[in-house]
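The values are calculated or read from the model by the stated rules, or taken from the named source; none is laboratory data. The structure presented is a predicted model; accordingly, all values stated were derived computationally and were not measured. Here the Cβ positions follow ideal geometry from the backbone for every residue, glycine too, while neighbour counts run over all protein chains shown.
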Amino acid sequence: MKLLKFILLLLISGTMVIGCHQSKPKENKIVIWHWITDRRDAFDFLAQKYKEETGIEVEFKLFFPPDIYGQKVIAAARAGTLPDIFGILGEKKTVARFIQAGHILDLTAVMQDDNLSWKSKFYPQTLEVTEFSDDNTYDVKPGIYGVPIDTNVMQFVYNKKLFQAAGLDPKKSPKTVDEFVSYAKTIQEKTGEVGFISGWGEGWLLHALAVEWAINIMGEKKFIDTIEGKVSYMDEEWVKVFSLFERLRNENIFPANIATMTNKEAEDAFAKDKAGFSFNGSWSVNVYSQINPEIDYAFFSLPVVEVANQVKVWGGAGSVFRVNADSPNKDKAIDFLRWISDRQQQDYLVVETNNLAANRYCEKSLPPVLKDLTKSFNSFTHPDNWRLNEDARVIETFNKGLQQIVMGLKTAQDVAKEVQNKKEKVTR
Amino acid sequence: MKASLKDNTASFSFVLPALLIFLVFYVYPFFYSFVLSLTDYSLIGKFNFKNSFVGLQNFKDLLVDIDWWKSFYNAGFITFFALTFQNILALLLALAVDKVIRMRKFYRVVFFILPVLSEIIIGLLMKQFMLSEPTGRDVLNNILNNIGLGFMAQDWIAGHNVRLITALVHCWKGFGWAFVILLAGLQSIPDQLYEAARIDGANTWQQFCKITMPLLMPVSTLVMVLTILGTMQAFAMILALNQGAGGETTVPVMIIYNHLGTGQAGLACAEGLILGAILVVVSFTMFYVSKIIREKYGVVPN
């Protein structure tokens with residue numbers, strides 16, 4: 001009996017010790033964490049190819065949904081179990097905290113080696129997202145802290161088939177908000193499908209569009225001045241921005257439940273020819289083709305409010321891989337990232353995943369629908385490229401306010417006042 | 001008779017594993033959350049209490065945060081429906097199934113299917129059931145049209161209705177739990193009491209008021225407390241159903257979750273503590289009220 005108890009105790013203790021034991025990283029293996037699960041096959045193919053070329057094993061561990069992934073990375077950083085390479089979901093402030101905590105390797109020196117041979121491969125606008133400039137307000141040593149794998153652009157998109165069915169010219173996209181509303185209404189009337197759809201249950205999509213319109217209405221300087229607290233959200237031009245969403249609602253061009261809709265649902269509906277317009281990212285090219293390979297559509301620039309003013313496009317930030325500064329395999333990790341950002345691999349990713357490459361020399365591989373988007377690269381704007389960011393609590397109120405406007409629960413004035421109140425509270 | 005040291009040690013050794021688990025997984029996180037709530041720590045990097053200490057600022061911010069208290073209103077609204085509509089429905093069904101009716105085992109299984117299903121699944125199913133084209137199947141509106149109630153067809157998960165619809169879906173998903181617990185309570189009431197009451201000439205209503213309700217009071221209190229705790233912490237179903245609908249159905253746990261995700265761990269801990277404190281106060285109040293009622297009805301000795 002005593003022997004049996006002893007064996008049992010030994011087994012339990014053994015299991016606990018094994019469970020708590022942290023396995024040592026293999027010398028010839030790089031582990032990568034990311035949330036872009038739709039590219040699993042392409043990544044696995046590249047990993048296999050890299051192993052054949054170098055003998056080094058690369059394991060991609062892809063996690064879904066993204067917000068759970070975000071928390072996993074934070075937990076791993078706390079526990080000291082970050083992989084060799086990982087992506088970070090979140091605003092620049094979060095990336096800055098990871099850098100300050102010593103979790104992310106500064107890649108500036110390796111990027112600039114050999115007459116900038118690595119750095120010069122990227123679109124400057126794409127690489128900028130991974131950089132902390134000399135005048136950054138995050139208290140981070142200036143430098144490059146990641147390797148972009150692709151580029152993202154947020155633009156309007158229209159369905160050519162529904163354009164034709166509604167008697168509209170499929171080669172002529174709307175240039176102004178007035179035209180956009182008019183086209184959307186025509187599509188609704190003539191085809192019975194909805195005019196516009198977007199996953200506005202996800203507040204950041206609304207936010208991206210609001211920022212594009214805000215910059216068109218007030219200019220980028222005044223927009224940044226608002227973040228700095230020099231301009232009020234109750235300013236006439238901000239109310240004009242909020243009023244645009246009120247107008248879209250009043251024109252009845254989108255489904256009533258748009259503020260509770262996920263982007264996946266909106267993408268599904270657009271790909272199935274059930275909506276004339278959508279506002280989405282360049283990743284949607286892959287999504288649409290997977291849902292409906294026959295879909296005929298094109299991206300177009302922001303329908304403007306002020307024709308004479310500048311138009312900025314929310315973009316630049318694609319997937320970025322960061323190197324774990326504590327990884328014993330960091331040199332191998334850098335070699336792999338250098339390899340995956342080479343033209344050959346980037347071309348493969350473009351063809352297989354229908355995403356805009358981070359490598360500037362891959363334009364020839366781009367399908368026409370993506371090639372059009374490269375025209376907007378010089379007018380990118382993105383929070384990761386701004387000198388400073390708005391407080392997360394203000395953005396939360398801003399996004400919720402926009403959702404309530406499109407649900408018909410609040411007016412533009414109400415929301416402007418609420419956002420300004422929040423801004424004053426958090427800056428007090 | 002005094003217990004020997006050996007007896008005490010033996011007894012304590014049985015309690016020790018549970019005590020350790022309780023200390024490590026409940027007491028320690030509680031105190032650590034309290035410490036974090038006094039800081040602006042983001043969970044990234046080493047925790048330095050001195051550098052991140054903000055005193056009671058997080059609590060002060062929350063006291064005047066309209067969004068935070070609105071989330072309590074939303075959760076309270078859903079809880080009110082769960083306490084009334086859901087539990088009354090559960091009691092009526094439990095009373096029906098408790099009686100000798102045909103296929104009662106079948107009904108017991110059917111009513112318990114919903115609580116067994118994941119909240120996410122229920123949220124997504126109901127979304128498809130109620131949403132109009134192009135993203136939904138418009139099932140509910142089609143049914144209404146087919147039975148001549150087309151005038152009631154509308155966009156269910158939009159506008160002013162969204163909070164009410166969320167409450168009803170929550171009740172629909174949750175009534176199975178209350179049903180099972182109340183049914184167990186009903187079955188623990190001895191039949192002899194009803195027989196004696198019938199011999200004394202009591203009608204069904206009198207039997208219900210004088211026997212069923214008083215004897216069901218301890219179970220009802222448990223159901224009410226569980227309903228409050230469960231509903232105030234509801235999260236996944238609402239997220240799947242409507243994403244919080246621009247704050248109209250955002251509940252406290254959703255806010256805590258978002259703040260954790262955006263690196264505001266100190267604030268999230270303060271929110272967690274406030275939510276926990278409110279739920280503890282509500283639960284103890286419920287038990288106290290129930291005790292008074294039971295004493296009044298003579299179910300427990302004074």
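Need the failing condition index for residue A:381 against (1) at pLDDT below 95; (2) more than 14 Å from every other protein chain (Cβ to nearest Cβ); (3) out of contact with any Lys or Arg (no Cβ under 8 Å at 6 or more places or on another chain), just the number.
(3) is the only condition that residue A:381 fails.
Quick one: which of A:301, A:278, A:327, A:284 is assigned by TED's automatic domain parsing to the domain that holds residue A:104, of a type in the set (Gly, Ala, Ser) and crowded, with 17+ Cβ neighbours inside 10 Å? Give the derivation first.
Working: A:301 fails: assigned by TED's automatic domain parsing to the domain that holds residue A:104; A:278 fails: assigned by TED's automatic domain parsing to the domain that holds residue A:104; A:284 fails: assigned by TED's automatic domain parsing to the domain that holds residue A:104.
Answer to the selection: A:327.
State yes or no: is residue B:221 at pLDDT below 90 and away from every other protein chain (no Cβ under 13 Å)? Break it down stepwise before answering.
Working: at pLDDT below 90: yes; away from every other protein chain (no Cβ under 13 Å): yes.
Criteria met by residue B:221.
Among the residues of region A:391-404, are any away from chain B (no Cβ under 14 Å) and in a loop (DSSP other than H, G, I, E, B)? Can you show your working first?
Applying the first criterion (away from chain B (no Cβ under 14 Å)) to region A:391-404 yields none.
So far as region A:391-404 goes, no, none of its residues is away from chain B (no Cβ under 14 Å) and in a loop (DSSP other than H, G, I, E, B).
Would you list the helices (runs of 4 or more DSSP H) that sit entirely within region A:1-86 and hold 2 or more residues that are modelled with pLDDT of 70 or more and of a type in the set (Asp, Glu)? Break it down into steps so the answer makes sense when it comes.
On the way: elements: A:2-20, A:40-54, A:66-79.
Once the helices (runs of 4 or more DSSP H) in region A:1-86 are filtered for at least 2 residues that are modelled with pLDDT of 70 or more and of a type in the set (Asp, Glu), what remains is A:40-54.
Across region B:92-117, what is the number of residues that are surrounded by 12 or more Cβ atoms within 10 Å (Cβ to Cβ) and touching a residue at least 60 places away in the same chain (Cβ under 8 Å)?
10
Evaluate region B:123-142: report whether one residue or more is in a helix (DSSP H, G or I), surrounded by fewer than 16 Cβ atoms within 10 Å (Cβ to Cβ), away from chain A (no Cβ under 13 Å) and among the polar types (S, T, N, Q).
Looking for residues that are in a helix (DSSP H, G or I), surrounded by fewer than 16 Cβ atoms within 10 Å (Cβ to Cβ), away from chain A (no Cβ under 13 Å) and among the polar types (S, T, N, Q), one finds at least one in region B:123-142, hence yes.
Considering only residues that are away from every other protein chain (no Cβ under 13 Å) and in contact (Cβ under 8 Å) with a residue 40 or more places away in the chain, look in region A:54-85 and name the one that is farthest from the chain's Cα centre (by Cα).
Start the filter on region A:54-85 by keeping residues that are away from every other protein chain (no Cβ under 13 Å), which leaves A:54-64, A:81, A:83-85.
Add one more test, that the residue is in contact (Cβ under 8 Å) with a residue 40 or more places away in the chain, and what stays is A:54, A:56, A:58, A:81, A:83-85.
Details: A:54: 32, A:56: 30, A:58: 24, A:81: 25, A:83: 22, A:84: 22, A:85: 18 Å.
The extreme case among them is A:54.
Among (1) crowded, with 17+ Cβ neighbours inside 10 Å; (2) of a type outside the set (Lys, Arg); (3) under 32 Å from the mean Cα position of the chain (by Cα), where does residue B:45 come up short?
(3)
Residues checked against (1) surrounded by 22 or more Cβ atoms within 10 Å (Cβ to Cβ); (2) within 14 Å of chain B (Cβ to nearest Cβ); (3) in contact with a Gly (Cβ under 9 Å, 6 or more places away or on another chain):
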position	(1), (2), (3)
A:109	no, no, yes
A:182	no, no, no
A:192	no, yes, no
A:195	yes, yes, yes
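Return only the number of the condition from (1) of a type in the set (Gly, Ala, Ser); (2) under 23 Å from residue A:270 (Cβ atoms); (3) more than 14 Å from chain A (Cβ to nearest Cβ) that residue B:158 does not satisfy.
(3)
Determine if region B:64-76 includes at least one residue that is more than 25 Å from the chain's Cα centre (by Cα), under 22 Å from residue B:253 (Cβ atoms) and crowded, with 16+ Cβ neighbours inside 10 Å. Quick ask: steps written out before the conclusion?
First, pick out the residues of region B:64-76 that are more than 25 Å from the chain's Cα centre (by Cα): B:64.
Right, trim to under 22 Å from residue B:253 (Cβ atoms) and you get B:64.
Restricting the remaining residues to those that are crowded, with 16+ Cβ neighbours inside 10 Å gives none.
No, region B:64-76 has no match at all.
Got a number for residues in region A:111-142 being within 14 Å of another protein chain (Cβ to nearest Cβ) and in contact with a helix residue (DSSP H, G or I) (Cβ under 6 Å, 6 or more places away or on another chain)?
From region A:111-142, those within 14 Å of another protein chain (Cβ to nearest Cβ) are A:138-140; that's our starting set.
From what's left, in contact with a helix residue (DSSP H, G or I) (Cβ under 6 Å, 6 or more places away or on another chain): A:138, A:140.
Here the count works out to 2.
If I filter region A:342-359 down to residues being more than 14 Å from residue A:371 (Cα to Cα) and of a type in the set (S, T, N, Q), which single residue comes out as nearest to the chain's Cα centre (by Cα)?
A:353
Residue by residue, here is whether (1) hydrophobic (A, V, I, L, M, F, W, C); (2) crowded, with 16+ Cβ neighbours inside 10 Å; (3) at pLDDT 85 or above holds:
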{"position": "B:241", "(1), (2), (3)": "yes, yes, yes"}
{"position": "B:244", "(1), (2), (3)": "no, yes, yes"}
{"position": "B:255", "(1), (2), (3)": "yes, yes, yes"}
{"position": "B:269", "(1), (2), (3)": "yes, yes, yes"}
{"position": "B:287", "(1), (2), (3)": "yes, no, no"}
{"position": "B:296", "(1), (2), (3)": "no, no, no"}
{"position": "B:302", "(1), (2), (3)": "no, no, no"}
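Just one of A:164, A:155, A:125 is of a type outside the set (A, V, I, L, M) and surrounded by fewer than 20 Cβ atoms within 10 Å (Cβ to Cβ); which is it?
Working: A:155 fails: surrounded by fewer than 20 Cβ atoms within 10 Å (Cβ to Cβ); A:125 fails: surrounded by fewer than 20 Cβ atoms within 10 Å (Cβ to Cβ).
Only one candidate qualifies: A:164.
Being more than 13 Å from residue B:260 (Cα to Cα) and touching a Gly at 6+ places or on another chain (Cβ under 8 Å) is the filter; apply it to region A:71-88 and report the residue that is surrounded by the most Cβ atoms within 10 Å (Cβ to Cβ).
Narrowing region A:71-88 to residues more than 13 Å from residue B:260 (Cα to Cα): A:76-88.
Retained after the next criterion (residues that are touching a Gly at 6+ places or on another chain (Cβ under 8 Å)): A:77, A:88.
Numbers: A:77: 23, A:88: 27.
In this case the residue turns out to be A:88.
Answer yes if at least one residue in region B:190-201 is of a type in the set (Asp, Glu), at pLDDT 90 or above, buried (at least 21 other Cβ atoms within 10 Å of the Cβ) and not in a helix (DSSP H, G or I), and no otherwise.
No.
Name, by its number, the condition in (1) on the phi > 0 side of the Ramachandran plot; (2) surrounded by fewer than 20 Cβ atoms within 10 Å (Cβ to Cβ) that does not hold for residue A:335.
(1)
Scan (1) closer than 29 Å to residue B:246 by Cα; (2) surrounded by fewer than 12 Cβ atoms within 10 Å (Cβ to Cβ) for the single condition residue B:23 breaks and write down its number.
Going through (1) closer than 29 Å to residue B:246 by Cα; (2) surrounded by fewer than 12 Cβ atoms within 10 Å (Cβ to Cβ) one by one, residue B:23 breaks only (1).
Given the criterion touching a residue at least 40 places away in the same chain (Cβ under 8 Å) and under 27 Å from residue A:348 (Cβ atoms), identify the matching residue among A:126, A:137. Lay out the reasoning, then the answer.
On the way: A:137 fails: under 27 Å from residue A:348 (Cβ atoms).
Selected residue: A:126, the only one of A:126, A:137 that is touching a residue at least 40 places away in the same chain (Cβ under 8 Å) and under 27 Å from residue A:348 (Cβ atoms).
All but one of (1) in contact (Cβ under 8 Å) with a residue 60 or more places away in the chain; (2) within 14 Å of chain B (Cβ to nearest Cβ); (3) farther than 20 Å from residue A:391 by Cβ hold for residue A:204; state the number of the condition that does not hold.
Single failed check for residue A:204: (3).
Suppose we filter region B:36-58 for residues that are in contact with a strand residue (DSSP E or B) (Cβ under 7 Å, 6 or more places away or on another chain), more than 14 Å from residue A:97 (Cα to Cα) and in contact (Cβ under 8 Å) with a residue 24 or more places away in the chain; how many remain? Before you say what the answer is, go through the steps one by one.
Here is the first cut: in region B:36-58, the ones in contact with a strand residue (DSSP E or B) (Cβ under 7 Å, 6 or more places away or on another chain) are B:38-39, B:49, B:52-54.
Next, only the ones that are more than 14 Å from residue A:97 (Cα to Cα) stay: B:38-39, B:49, B:53-54.
Checking the rest, the ones that are also in contact (Cβ under 8 Å) with a residue 24 or more places away in the chain come to B:38-39, B:54.
Summing the residues that are in contact with a strand residue (DSSP E or B) (Cβ under 7 Å, 6 or more places away or on another chain), more than 14 Å from residue A:97 (Cα to Cα) and in contact (Cβ under 8 Å) with a residue 24 or more places away in the chain in region B:36-58 gives 3.
State all residues of region A:226-255 that are farther than 20 Å from residue A:414 by Cα and either within 13 Å of chain B (Cβ to nearest Cβ) or not basic (Lys, Arg) (or both); if no residue qualifies, say none.
Of region A:226-255, the ones farther than 20 Å from residue A:414 by Cα are A:228, A:230, A:252-255.
Those that are farther than 20 Å from residue A:414 by Cα and either within 13 Å of chain B (Cβ to nearest Cβ) or not basic (Lys, Arg) (or both): A:228, A:252, A:253, A:254, A:255.
Within region B:244-264, is there a residue that is at positive phi, free of Cβ contacts under 8 Å to residues at least 60 places away in the same chain, part of a loop (DSSP other than H, G, I, E, B) and over 16 Å from the mean Cα position of the chain (by Cα)?
Just the residues of region B:244-264 that are at positive phi, to begin with: B:244-247, B:263.
Of the ones still in play, those that are also free of Cβ contacts under 8 Å to residues at least 60 places away in the same chain are B:244, B:246.
Checking which are part of a loop (DSSP other than H, G, I, E, B) leaves us with B:244.
Applying the additional criterion that residues be over 16 Å from the mean Cα position of the chain (by Cα) yields B:244.
Within region B:244-264, one or more residues are at positive phi, free of Cβ contacts under 8 Å to residues at least 60 places away in the same chain, part of a loop (DSSP other than H, G, I, E, B) and over 16 Å from the mean Cα position of the chain (by Cα).
Tell me, yes or no, whether region A:161-177 has at least one residue that is in a helix (DSSP H, G or I), under 19 Å from residue A:304 (Cα atoms) and at pLDDT 95 or above.
In the first step, residues of region A:161-177 are kept if they are in a helix (DSSP H, G or I); the result is A:161-165, A:177.
With under 19 Å from residue A:304 (Cα atoms) added as a condition, the list becomes A:177.
Right, trim to at pLDDT 95 or above and you get A:177.
Within region A:161-177, one or more residues are in a helix (DSSP H, G or I), under 19 Å from residue A:304 (Cα atoms) and at pLDDT 95 or above.
For a quick check of your reading: which helices (runs of 4 or more DSSP H) sit entirely within region B:1-109 and have at least 3 residues that are not aliphatic (A, V, I, L, M)? Explain how you work it out, then say what you get.
Details: elements: B:5-22, B:28-37, B:49-52, B:57-63, B:66-81, B:87-98.
Per the criteria, B:5-22, B:28-37, B:49-52, B:57-63, B:66-81.
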